[in-house]
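Worksheet for the structure shown next.
The values are calculated or read from the model by the stated rules, or taken from the named source; none is laboratory data. Keep in mind that this is a model prediction, so the values were computed, not measured. In this analysis, Cβ positions are derived from the backbone assuming ideal geometry, glycine residues included, and neighbour counts consider all displayed protein chains. Note: areas computed on protein heavy atoms with side chains; ligands, DNA, RNA excluded. Shrake-Rupley method; radii C 1.70, N 1.55, O 1.52, S 1.80 Å.
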Amino acid sequence: MMNSNEIIDDIANKEYEFGFTTDIEMDIAPPGLNEDIIRFISAKKNEPEWLLEWRLKGFQAFKKLKFPTWQHFELPELDLQSLSYWAAPKQKKQLNSLDEVDPELLATFDKLGISINEQKALTGVAVDVVFDSVSVVTTFKTKLKELGVIFCSFGEAVQEYPDLVKKYLGTVVPASDNVFAALNSAVFSDGSFVYIPKGVRCPMELSTYFRINAQNTGQFERTLIVADDESYVSYLEGCTAPMRDENQLHAAVVEIVALEKAEVKYSTVQNWYPGDKDGKGGIFNFVTKRGICKGANSKISWTQVETGSAITWKYPSVILQGDYSEGEFYSVAVVRNKQIADTGTKIHHIGKGTKSRIISKGISAGHGDNSYRGLVSVGPRAENARNFTQCDSLLIGNQCGSHTFPYIESRNKSAMIEHEATTSKIGEDQIFYLNARGIDTEKAVALIVNGYVKEVLNQLPMEFAVEAQKLLSITLEGSVG
Amino acid sequence: MLTIKNLHAEVEGKKILKGINLEIPKGEIHAIMGPNGSGKSSLASVLAGRDNYEVTEGEVWFNGKNLLEMSPEDRAREGVFLAFQYPVEIPGVSNINFLKTAVNEVRAYKGLPQLEAKEFLKLTKEKQQLVDFNTNLMNRSLNEGFSGGEKKRNEIFQLAMLNPSLAILDETDSGLDIDALRIVSNGVNKLRDAEKSFVVITHYQRLLEYIVPDFVHVLYNGRIIKTGTKELALELEEKGYDWLKEAEHQKESV
Ligand SMILES: Nc1ncnc2c1ncn2[C@@H]1O[C@H](COP(=O)(O)OP(=O)(O)OP(=O)(O)O)[C@@H](O)[C@H]1O
Ligand SMILES: [Mg+2]
């Protein structure tokens, strides 16, 4: 494993070998991470000077930060210099892309019934597709515009609403937060921006389908959601990626700001390529997601269904700053074969009367390794803060791993923190019982798993819940017997 | 309906069934009695297709089909039903959702369309009444936290819902209170018809007063050592199994 010092040395000492020219025709930047590529990205995106400065600060932070070591898995070697940090979609490539996709994956898409067009067709769903780092399609815009809702690519937001972006960017996840967030800050390609004005209830689910397509392109999405006073929005993020043999790093950042009495629901269904049976290939999903309940009585709710990626490593978190604000985290994380998940949440109770609820359901099959890691912290001002945590693990087979790391830091005596945890196993006798009623093993597992995750899936919007349910069945196909 | 020929089975290398021969024609009720550990539940498990039992010899034919070649779910879909001695708990799976899945799986196998929600509810209500099954239990997780008797009733309720042609009841009477015993037996008697057969495994003659068997078999040490009519059950109640065991051991030592 290359440690951070080596990487920093590498970056610091290496004279860029071939120099760097801005080639307007170029679709993919040469591999490498340095100030020049950051300037290149910023120029390509026609960004204002302040944003370039912000990126460069992020890069400074990145150089100082180290890769974490506390996680419950061995961090694979990440050769960040071998990645290309800019790729624009080629028209031709888009057309051919389906042929390039592994048929097994296409079959999965078919089974799931997902296609971007279909998603668009779903009533009330606006789709903003992030295709190889640059947003190419945005729909339903006009309708949203009437309400004053802004839903566009990050790049567009920088051009059209620079003041809003400048005001909130990096206020929840500062560039120096962690090494991946810093990397993202320096080289983020695109992403989504949402602003819901005062008093507006966004009438439709805002949905973004992220896809990773070009080979060797690290994905550095940046999403910023701002919900002004007394507004409401439900945001859906779905991820699918074609199969690749090489590991692909995905280090996105999502920031959410909820002002007074605002509510934001953020839902994710992630089924990126998990690697093959032997753990070869697959996505590294190292994402920083954090929301702040800035205003009193505001609420942020994360729901995630994580079935894909070779390694899922993220802790969607909520800072409960406003008095009586609420944070929720609902999670289903599935690992099988050699997949790894180290996920959970951090809830910081700062304001008084703040409440949080954590429901985590881990499912481990095959040689998968699943860790729940959660922090509930209660600050001295957080009178009567409440937390409830339910953390369940379901094991399928004998070779998988499941771990729970709940941390509690309370600095206020009036706080009430409850933690419950269970571990159960899908037993052969349970499967046989269902078999003996005419239900085959795949369906039996699906039935048990769906029962187990119900509480989380219930948090998802209808269509998404159905999709997630199908995805779980497909993911766990063949994991028993 | 069911023909068992010289059935031998073992579990983890241990011989449990040692040559069972049994013929169960359509419409008949056969009781199987026998001391603890004699292999009654094992026989039921082998018929239902539990895979930790290895069949080493013999054949089982069900309505002209080779039962031993079928997966457990296909046996169920073909009409074999096992009411378990120890029904398992499945947390998170609602009883009603489980039943709907089971009923529709069996229907799909037979080429029938899925039951619509309304029809399914109607069927549920009807069968619930038949076996006096508590509505509260319908929406709870499958068997989770059910009392022993409630679990047994749930087995009979499932039997009523799935309407199999061969039902094997493994000690369904144990754990039932006196009223429940009567209700469950009445339910079984109502389900009984010329097309259906029952195998009733029990330790108690009392059940056989309610569900009157055509034949009673005694299973001992993996074999059927005695077959008689319902009077045999009375005799066993009175004398226990020792006289049969002794006779069996004598036979063996010859
Ligand atoms: N998995 C197993 N491993 C080892 N022995 C087993 C296993 N399952 C069953 N047996 C043995 O097989 C024998 C028959 O058991 P079975 O449950 O069929 O008896 P039974 O006649 O149903 O008894 P009861 O009247 O107590 O229900 C017993 O000796 C039991 O210990
Ligand atoms: Mg038994």
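Structure notes:
- Per-residue HN-Hα couplings for the stretch A:303-315 [Karplus 6.51, -1.76, 1.60; θ = phi - 60°; Hz; x = Gly/Pro]: 10, 9, 10, 10, 10, x, 6, 5, 10, 10, 9, 6, 9
- Distance between the 7 Å Cα→Cβ label points at A:MET462 and B:ARG107: 2.2 nm.
- Ordering of A:392-404, A:319-331 by packing [mean C-beta count within 10 Å, highest first]: A:319-331, A:392-404
- Each Cα pair under 8 Å and six or more residues apart adds its separation to the average, and for the stretch A:355-481 the resulting relative contact order is 25 percent.
- Sorted largest first by accessible area at a 1.4 angstrom probe radius, with every protein chain in place, the residues A:MET462, B:MET70, A:MET416 fall in the order A:MET462, A:MET416, B:MET70.
- Phi-derived couplings, Karplus 6.51 cos²θ - 1.76 cosθ + 1.60 at θ = phi - 60°, listed residue by residue for the stretch A:175-190: 4, 8, 4, 7, 4, 6, 5, 5, 4, 4, 4, 6, 10, 3, 8, 7 Hz, with x used for Gly and Pro.
- Distance histogram for chain B (every C-alpha pair counted, 5 angstrom bins, percent rounded to whole numbers): 1, 6, 13, 17, 19, 17, 13, 8, 3, 1, 1, 0, 0
- Top of B:ALA76, B:ALA108, B:ALA48 by mean-square fluctuation, Gaussian network on chain B, Cα under 10 Å: B:ALA108
- Lysines with Cα under 21 Å of B:LYS122, excluding same-chain neighbours fewer than 8 positions away: B:LYS100, B:LYS110, B:LYS190
- The residue list A:LEU164, B:PHE62, A:ASN450 was ranked by how far each Cα lies along the charge dipole of the protein assembly as shown toward its positive end, using unit charges on Cβ atoms, and A:LEU164 comes out on top.
- Based on Cα contacts under 8 Å between residues 6+ apart, chain B shows a relative contact order of 27 percent.
- Beta bridges from DSSP with both residues in the stretch B:66-199: antiparallel share about 20 percent, rounded to the nearest 5.
- Using alpha-carbon coordinates, inclination of helix B:148-162 to the longest axis of chain B, degrees: 70 degrees
- Cross-link partners of A:LYS277 among lysines (Cα-Cα below 25 Å; sequence separation of 8 or more within a chain): A:LYS111, A:LYS314, A:LYS338, A:LYS361, A:LYS425, A:LYS443, A:LYS470
- Placing a pseudo-label 7 Å from each Cα along the Cα-to-Cβ vector at A:ARG201 and A:PHE405 gives an inter-label distance of 4.1 nm.
- Of the residues B:LEU234, B:SER147, B:THR135, the one whose Cα sits farthest toward the positive end of the charge dipole of the stretch B:2-253, with +1 on the Cβ of Lys and Arg and -1 on the Cβ of Asp and Glu, is B:THR135.
- Computed E for A:LYS413/A:LYS66 - FRET, C-beta separation, R0 41 angstrom, nearest 0.05: 0.70
- Solvent-accessible area of A:ARG357 with every protein chain in place, 1.4 Å probe, in Å² to the nearest 10: 80 Å²
- Pairwise FRET efficiency - A:GLN81 versus A:GLU53, Cβ, R0 = 22 Å, nearest 0.05: 0.40
- Considering only beta bridges that DSSP places wholly inside the protein assembly as shown, some 20 percent are antiparallel.
- Beta bridges per DSSP with both ends in the stretch B:2-253, % antiparallel, nearest 5: 60 percent
- Here the contact order of the stretch B:95-160, divided by its residue count and restricted to Cα pairs under 8 Å and six or more residues apart, works out to 40 percent.
- The dipole here belongs to the stretch B:2-253: it is taken about the Cα centre, uses +1 on the Cβ of Lys and Arg and -1 on the Cβ of Asp and Glu, and is about 540 debye.
- Kirkwood analysis of the Cα pair distances in the stretch A:308-377 returns a hydrodynamic radius of 12.7 Å.
- Against chain B, whose longest principal axis comes from its Cα atoms, helix B:95-109 is set at around 80 degrees.
- When the residues A:SER364, A:SER414 are ordered by accessible surface, computed with a 1.4 Å probe over the protein chains alone, the sequence from largest down reads A:SER414, A:SER364.
- Taking the Cα centre of the protein assembly as shown as origin and assigning +1 to Lys and Arg Cβ atoms and -1 to Asp and Glu Cβ atoms, the resulting dipole is close to 1540 debye.
- Length added when fully stretched, B:VAL11-B:LYS65, from 0.36 nm per residue minus Cα-Cα: 17.0 nm
- Simple rule: put +1 on each Lys or Arg Cβ and -1 on each Asp or Glu Cβ in the protein assembly as shown, find the dipole, and look at A:VAL173, B:ALA117, B:ALA76; the Cα lying farthest toward the positive end is B:ALA117.
- Take the Cα radius of gyration of the protein assembly as shown and divide it by 2.2 N^0.38 Å, N being the number of residues; the result is 1.17.
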